[in-house]
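Engineer: The structure's right below; bear with me while I get my questions together.
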Amino acid sequence: MANPISVLNHAADNIRILAASAVEKAKSGHPGGAMGGADFINVLYSEYLNYDPANPTWAGRDRFFLDPGHMAPMLYGQLCLIGKYSLDELANLRQWGSPTTGHPEFDPKRGVENTSGPLGQGHAYAVGAAIAAKFLAAHTGNPTFAKETVYAYISDGGVQEEISQGAARIAGTLGLDNLVMFYDSNDIQLSTETKVVMNEDTAAKYRALGWEVFEINGNDAAQIRKAIEAAKAVKGKPALIIGKCIMGKGALKEDGSSYERNCKTHGAPLGGDAYKNTIKNLGGDPENPFRIFDDVKELYARRAEELKQICADRYAEEKAWAAANPEKAAQQAEWFSGKAPKIDWSKVSQKENDATRSASAACLSVLAEQVPNMICASADLSNSDKTDGFLKKTTAFQAGDFSGAFFQAGVAELTMACCCIGMALHGGVIPACGTFFVFSDYMKPAIRMAALMELPVKFIWTHDAFRVGEDGPTHEPVEQEAQIRLMEKLKNHHGKNSVLVLRPADAKETTAAWSLAMANTDTPSALILSRQNIADLPAGNDYSQAAKGGYIVAGSDANPDVILVASGSEVSTLEAGAKLLREEGKKVRVVSVPSEGLFRQQPKEYQQSVLPAGVKKFGMTAGLPVTLQGLVPESEGAVWGLESFGFSAPYKVLDEKLGYTAQNVYEQVKKLF
Ligand SMILES: Cc1ncc(C[n+]2csc(CCOP(=O)(O)OP(=O)(O)O)c2C)c(N)n1
Ligand SMILES: [Mg+2]
């Protein structure tokens, strides 16, 4: 190794030139932070990060998770040096159709391990990926996973975000010594110096949370090298390298004076003569800035050669392991194939008239047995959200022991969701996580990112309505279903509903919903489940139709006078109301719509056959009326929903008071005639 420090400095200057120039050309972007962080990323990529240029998705590669997505120009500049982006692509930063998007978007083939932008989330993905690597090491025995290092890059914004507390707590508690995080501490953020908002001893904080902490000059290649060596050698703890970096390192103003440590370089091009002076100061040519210096090309050519040897050795080791463990090797290949696991759903046995959260536990119990790469998590509610169905078949992770498959996240829903995203980004595992539906509010930013990255994380939300009862309005979701169903309307960049959201009507429909969630490898899936017991749908119901998102429930009358529509437990309330209506000679159809988004994907004729235009309709939802208004147009009927926060009382009282009874269904439907 022993690259001359002068060459490392030249390479970092090269990244600074590329980053500042890309932003200058785009007339927008963030040069300052990128210029300050260039030294660290350059030392990491030129000397430490182990990856295979010929096989970018190699399962055993080291991973680099960027938290501050606004530092995209630094990442792209670095990835240009290793040939993942062309200089032309870099020069097209932030333009329509260019792969150099404003903030990095998950593209492992190009070396972008995560989408970043919402500060804080990125480094929590790294924690999840480090957990996945520990899990895979324990469950496959493949020695490659024990050699993998997960690197995270965080900045002041990420440290200030609350999620950093959760991520640091988890990493410390689980002793993730395969995690090395670099904190770009440059004392500057978007609108102020950090001291205006931050007066903490960050090193002491992380030490208290169980990390090994190194404090260095973040622009000194020799110190960076030494710190990475030391961080990698730490056993039993995650490592944090706090690098004091200079915002806008090397930047000059139009008059030639220093433009370093200035908030203005955070989020705007250096501009005009300041830009030109800066590029010259860094040894570049302002007229022709998009180039890689010869000694920098040589530096990375040398690294490419080293990587060939490193990968050859690692592959040889993996091959020897595979030869000795052919079944495990085949299993690992399957786990990384991205294909849905094969599951024998006939092994799930559901109790009659059960709560759908308990029905979910029955599914999870079978999944724990049949899907050995599934990791289930809960934010300290496993016995309520019934992820304990999974837990009872395995053990929870603890420092030094990842032989189980349950992740106790503690009371930290956003952290938990982001860790699950990180596991999915790592690959090889199928993460699921549970909590109360009302607390999905704490997870929304992660759900959005999972949806954007098209990751098949499973979200399990129980206590789906005001029927939480005595706990009162703080715990009773009302608007949450409408919120989350918006994600079904939002398409991802492949034209699919960005999230699959399923609210099953009874125990057996819950099995159907879980099977849809497990088969869905294209997007996140969400299950919304009841706390209380639910009367089963009529005998003979064909649950396979749940795959259409909405369907006619068994026992419905032909040529109905009215169609009753709901999801979840309200379907059974409609069934009870239908009985009263039928006693008066009304012909009634009941439609269960576990997923409106999925239903809208069906052929128009099918949708029409289930909900024909012109027939009177009545919808019932424990959420806001808007939850069902897409299925029940005002011109054709009415929706009974909740228009206020819930109330504290036993749920049966609430059902009466709020009109979720057979009698009220009967009365409201009568009003339509
Ligand atoms: C969750 C979230 N909130 C706000 C922002 C907007 N934002 C982008 S960068 C930034 C300041 C970050 O400061 P720092 O991390 O120190 O980066 P530096 O200025 O050093 O480059 C803010 C507020 C964001 N991207 N994500
Ligand atoms: Mg900063």
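Values in this text are rule-based calculations from the coordinates and carry no lab data. Remember, it's a predicted structure, so these values are computed and weren't measured experimentally. Every residue, glycine as well, gets a Cβ built from its backbone with ideal geometry; the counts of neighbours run over all protein chains shown.
Engineer: Among the numbered conditions (1) of a type in the set (Gly, Ala, Ser); (2) out of contact with any helix residue (DSSP H, G or I) (no Cβ under 6 Å at 6 or more places or on another chain); (3) under 22 Å from residue 508 (Cβ atoms), tell me where residue 597 comes up short.
Structural biologist: Result: residue 597 passes all but (2).
Engineer: Would you point out which residue out of 38, 20, 11, 34 is away from ligand 2 (no atom under 16 Å from the Cβ), in contact with a Gly (Cβ under 9 Å, 6 or more places away or on another chain), on the phi < 0 side of the Ramachandran plot and hydrophobic (A, V, I, L, M, F, W, C)? Reasoning before the result, please.
Structural biologist: Working: 38 fails: away from ligand 2 (no atom under 16 Å from the Cβ); 11 fails: in contact with a Gly (Cβ under 9 Å, 6 or more places away or on another chain); 34 fails: away from ligand 2 (no atom under 16 Å from the Cβ).
Just a single option satisfies the conditions, and that option is 20.
Engineer: Quick one: which of 51, 76 is aromatic (Phe, Trp, Tyr) and either crowded, with 24+ Cβ neighbours inside 10 Å or within 16 Å of ligand 2 (Cβ to nearest atom) (or both)? Don't jump to the end; show me each part of the working.
Structural biologist: Details: 51 fails: either crowded, with 24+ Cβ neighbours inside 10 Å or within 16 Å of ligand 2 (Cβ to nearest atom) (or both).
Exactly one of 51, 76 is aromatic (Phe, Trp, Tyr) and either crowded, with 24+ Cβ neighbours inside 10 Å or within 16 Å of ligand 2 (Cβ to nearest atom) (or both), namely 76.
Engineer: Additional query: Consider residue 76 against the criteria (1) within 16 Å of ligand 1 (Cβ to nearest atom); (2) of a type outside the set (Lys, Arg); (3) in contact with a strand residue (DSSP E or B) (Cβ under 7 Å, 6 or more places away or on another chain): it satisfies all of them except one. Which criterion is unmet?
Structural biologist: With (1) within 16 Å of ligand 1 (Cβ to nearest atom); (2) of a type outside the set (Lys, Arg); (3) in contact with a strand residue (DSSP E or B) (Cβ under 7 Å, 6 or more places away or on another chain) applied to residue 76, the lone miss is (3).
Engineer: Mind listing whichever residues of region 357-395 are among the aliphatic types (A, V, I, L, M) and in contact with a Gly (Cβ under 6 Å, 6 or more places away or on another chain)?
Structural biologist: Taking region 357-395 and keeping what is among the aliphatic types (A, V, I, L, M), we get 359, 361-362, 364, 366-368, 371, 374-375, 377, 379, 381, 391.
Result: 361, 364.
Engineer: Here is a further query. It is to be established whether one or more residues within region 460-475 are more than 22 Å from residue 118 (Cβ to Cβ), part of a strand (DSSP E or B) and not aliphatic (A, V, I, L, M). Reasoning before the result, please.
Structural biologist: We begin by selecting, within region 460-475, every residue more than 22 Å from residue 118 (Cβ to Cβ); these are 460, 462-475.
Subsequent filtering for residues that are part of a strand (DSSP E or B) retains 460, 462.
Checking which are not aliphatic (A, V, I, L, M) leaves us with 462.
Scanning region 460-475 turns up at least one residue that is more than 22 Å from residue 118 (Cβ to Cβ), part of a strand (DSSP E or B) and not aliphatic (A, V, I, L, M).
For every residue, the table says whether it meets (1) in contact with a helix residue (DSSP H, G or I) (Cβ under 6 Å, 6 or more places away or on another chain); (2) closer than 19 Å to residue 82 by Cα; (3) surrounded by fewer than 24 Cβ atoms within 10 Å (Cβ to Cβ).
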residue: 12; (1), (2), (3): yes, yes, no
residue: 15; (1), (2), (3): yes, yes, no
residue: 21; (1), (2), (3): no, yes, no
residue: 30; (1), (2), (3): yes, no, no
residue: 33; (1), (2), (3): yes, no, no
residue: 38; (1), (2), (3): yes, yes, no
residue: 43; (1), (2), (3): yes, yes, no
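Engineer: Assigned to a helix (DSSP H, G or I), over 20 Å from residue 568 (Cβ atoms) and not acidic (Asp, Glu): does that describe residue 668? Full working, then the answer.
Structural biologist: Working: assigned to a helix (DSSP H, G or I): yes; over 20 Å from residue 568 (Cβ atoms): no; not acidic (Asp, Glu): yes.
Against the criterion (assigned to a helix (DSSP H, G or I), over 20 Å from residue 568 (Cβ atoms) and not acidic (Asp, Glu)), residue 668 does not qualify.
Engineer: While we're on this one: Is there any pair with a first residue in region 101-119 that is in a loop (DSSP other than H, G, I, E, B) and a second that is among the polar types (S, T, N, Q) and surrounded by 20 or more Cβ atoms within 10 Å (Cβ to Cβ) whose Cβ atoms are under 7 Å apart and which are 6 or more apart or on different chains, and what are they?
Structural biologist: 103/116; 104/115; 104/116; 105/115; 106/114; 106/115
Engineer: Just for helices (runs of 4 or more DSSP H) wholly inside region 269-372: which have at least 1 residues that are within 28 Å of the chain's Cα centre (by Cα) and buried (at least 20 other Cβ atoms within 10 Å of the Cβ)?
Structural biologist: Details: elements: 272-281, 294-324, 326-335, 356-370.
Hits in region 269-372: 326-335, 356-370.
Engineer: Moving on to the next point. Considering region 145-181 alone, what residues qualify as being within 15 Å of ligand 1 (Cβ to nearest atom) and under 18 Å from the mean Cα position of the chain (by Cα)? So that I can check it myself, show each step before the final result.
Structural biologist: Applying the first criterion (within 15 Å of ligand 1 (Cβ to nearest atom)) to region 145-181 yields 152-167, 181.
Of everything in region 145-181, those that are within 15 Å of ligand 1 (Cβ to nearest atom) and under 18 Å from the mean Cα position of the chain (by Cα) turn out to be 152, 153, 154, 158, 161, 162, 163, 164, 165, 166, 167.
Engineer: Look at residue 130 and say whether it is touching a residue at least 60 places away in the same chain (Cβ under 8 Å) and within 16 Å of ligand 1 (Cβ to nearest atom).
Structural biologist: Working: touching a residue at least 60 places away in the same chain (Cβ under 8 Å): yes; within 16 Å of ligand 1 (Cβ to nearest atom): no.
It is false that residue 130 is touching a residue at least 60 places away in the same chain (Cβ under 8 Å) and within 16 Å of ligand 1 (Cβ to nearest atom).
Engineer: Looking at (1) more than 16 Å from ligand 1 (Cβ to nearest atom); (2) touching a residue at least 60 places away in the same chain (Cβ under 8 Å); (3) over 29 Å from the mean Cα position of the chain (by Cα); (4) surrounded by 15 or more Cβ atoms within 10 Å (Cβ to Cβ), can you tell me which one residue 253 breaks?
Structural biologist: Among (1) more than 16 Å from ligand 1 (Cβ to nearest atom); (2) touching a residue at least 60 places away in the same chain (Cβ under 8 Å); (3) over 29 Å from the mean Cα position of the chain (by Cα); (4) surrounded by 15 or more Cβ atoms within 10 Å (Cβ to Cβ), residue 253 violates only (2).
Engineer: Could you say whether any residue in region 190-203 is within 14 Å of ligand 1 (Cβ to nearest atom) and among the basic types (Lys, Arg)?
Structural biologist: Within region 190-203 (the criterion being within 14 Å of ligand 1 (Cβ to nearest atom) and among the basic types (Lys, Arg)), the answer is yes, since at least one residue qualifies.
Engineer: Given (1) charged (D, E, K, R); (2) buried (at least 17 other Cβ atoms within 10 Å of the Cβ); (3) more than 16 Å from ligand 1 (Cβ to nearest atom); (4) under 29 Å from residue 53 (Cβ atoms), identify the lone condition not met by residue 237.
Structural biologist: (4)
Engineer: Okay, next question. Of all residues in region 373-390, which are crowded, with 24+ Cβ neighbours inside 10 Å and not small (Gly, Ala, Ser)?
Structural biologist: Correct list: 375, 376, 385, 386, 387, 390.
Engineer: Quick check on my filter: what residues within region 256-268 are within 16 Å of ligand 1 (Cβ to nearest atom) and more than 38 Å from the chain's Cα centre (by Cα)? If you could, list the steps in order and put the result at the bottom.
Structural biologist: Filtering region 256-268 down to residues within 16 Å of ligand 1 (Cβ to nearest atom) leaves 259-268.
Correct list: empty.
Engineer: Find the residue count for region 86-114, including only residues that are buried (at least 18 other Cβ atoms within 10 Å of the Cβ), over 25 Å from the mean Cα position of the chain (by Cα) and of a type outside the set (A, V, I, L, M).
Structural biologist: 2
Engineer: Now a separate question. Of all residues in region 537-547, how many are touching a helix residue (DSSP H, G or I) at 6+ places or on another chain (Cβ under 8 Å) and surrounded by fewer than 19 Cβ atoms within 10 Å (Cβ to Cβ)? Give the derivation first.
Structural biologist: Step one: filter region 537-547 for residues touching a helix residue (DSSP H, G or I) at 6+ places or on another chain (Cβ under 8 Å), giving 537-538, 541, 543-544, 546-547.
Of the ones still in play, those that are also surrounded by fewer than 19 Cβ atoms within 10 Å (Cβ to Cβ) are 538, 544, 547.
Number of matching residues: 3.
Engineer: Checking the condition among the charged types (D, E, K, R) and crowded, with 24+ Cβ neighbours inside 10 Å, which residue from 596, 584, 570 passes?
Structural biologist: Values: 596 fails: crowded, with 24+ Cβ neighbours inside 10 Å; 584 fails: crowded, with 24+ Cβ neighbours inside 10 Å.
Among 596, 584, 570, only 570 is among the charged types (D, E, K, R) and crowded, with 24+ Cβ neighbours inside 10 Å.
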